[in-house]
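The values are calculated or read from the model by the stated rules, or taken from the named source; none is laboratory data. These numbers were taken from a predicted model, which means no experiment stands behind them. All Cβ positions, glycine included, derive from the backbone under ideal geometry; neighbour counts span all protein chains shown. Calculation scope for accessible area: heavy atoms of the full protein, side chains included, ligands and nucleic acids excluded. Shrake-Rupley method; radii C 1.70, N 1.55, O 1.52, S 1.80 Å.
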Amino acid sequence: MKSEDAGLIDLTLALGPDLPVWPGTPGFSLEWTKRLGRGDSSNDSRLSLGSHMGTHLDAPLHVLPGGLSAEVVDLDAFLGPAQVVHLPGLREVAARDLEPLLAPGVRRLLVKTDNSRLWDGPPRPFATDFTALTQDAAELLVRAGVRLVGVDYLSVQRFGSRDATHAVLLGAGVAVLEGLDLRRAEPGIHELLCLPMKVAGAEAVPVRAVLRPLPGPAPREEAHD
């Protein structure tokens, strides 16, 4: 059964050599170490990629000295009702853009922008002019009790920005998902199912993230410290 037949929307980019890579970080490599076709007993391979490639989690260790690494993040933040908001036509997403759209009590927020178009069509190079969140947007989300924020390009913070967007979110314990494919995600409340890889000591790890319809009204979640 295909995932769409179960009502799932896959938000995960397929890892491969065609994905854009943040400048100065490793790309993708899949090297076959055994092949059935040459007489080996199985097909085996060696996978290599930068930890911030594709759909991934930024752990606090990414920008905070002594911050938590990926294997000890709170998994509860990645599972449950999530609001998708659509903000087209913006170069940056500020607090004034997000505040009118936030659902009461929202704990997981996925921000869909014009970045989603960058996943269409043939492979494209890394785009330095992608849309991202400003520092005051991050501060708003922390005040609102959001526990997870996801964006549709490779950083929650604009390329070359001096904003402390990453540090504000991660310093407050907000999980940061980057590189989401939100092309098929409609605005509204969905159920997010997402689990990061458990890699000891890592500052970022790949995730598999999907949305599915909620079976009923979104349950009210308590705010966490």
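The table below lists the values:
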quantity: Tally of residues being assigned to a helix (DSSP H, G or I), open to solvent by 30 Å² or more (accessible area, probe 1.4 Å) and of a type in the set (A, V, I, L, M) across the stretch 86-110; calculated: 1
quantity: Residue match in the stretch 132-146 (condition: assigned to a strand (DSSP E or B), open to solvent by less than 10 Å² (accessible area, probe 1.4 Å) and in contact with a helix residue (DSSP H, G or I) (Cβ under 6 Å, 6 or more places away or on another chain)); calculated: yes
quantity: From LEU47, LEU8, LEU13, residue being of a type in the set (A, V, I, L, M, F, W, C) and farther than 18 Å from TRP119 by Cβ; calculated: LEU47
quantity: Selection count, the stretch 1-53, where residues are part of a loop (DSSP other than H, G, I, E, B) and of a type in the set (Ser, Thr, Tyr); calculated: 5
quantity: One residue from LEU193, LEU177, LEU154 being among the hydrophobic types (A, V, I, L, M, F, W, C), within 15 Å of the chain's Cα centre (by Cα) and closer than 16 Å to PRO20 by Cα; calculated: LEU154
quantity: Yes/no for PRO215 being of a type outside the set (Ser, Thr, Tyr), under 30 Å from ALA6 (Cα atoms), exposed (fewer than 15 other Cβ atoms within 10 Å of the Cβ) and without any contact (Cβ under 8 Å) to a residue 40 or more places away in the chain; calculated: yes
quantity: Single match in LEU8, LEU19 (criterion: open to solvent by less than 80 Å² (accessible area, probe 1.4 Å) and closer than 25 Å to PHE159 by Cα); calculated: LEU19
quantity: Those residues of the stretch 189-208 which are out of contact with any Phe, Trp or Tyr (no Cβ under 9 Å at 6 or more places or on another chain), assigned to a strand (DSSP E or B) and surrounded by 15 or more Cβ atoms within 10 Å (Cβ to Cβ), in sequence order; calculated: ILE189, HIS190, GLU191, ALA204, VAL205, PRO206
quantity: Qualifying positions in the stretch 147-187 - open to solvent by less than 30 Å² (accessible area, probe 1.4 Å) and either at pLDDT below 95 or of a type in the set (D, E, K, R) (or both); calculated: ARG147, ASP152, GLU178, ASP181
quantity: Where a residue in the stretch 5-21 is modelled with pLDDT of 95 or more and its partner, wherever it lies, is open to solvent by less than 30 Å² (accessible area, probe 1.4 Å) and among the hydroxyl-bearing types (Ser, Thr, Tyr), with Cβ under 8 Å and at least six apart; calculated: LEU11/THR55; THR12/THR55; LEU13/THR55
quantity: Some residue of the stretch 70-85 being outside any helix (DSSP H, G or I) and in contact with a helix residue (DSSP H, G or I) (Cβ under 7 Å, 6 or more places away or on another chain); calculated: yes
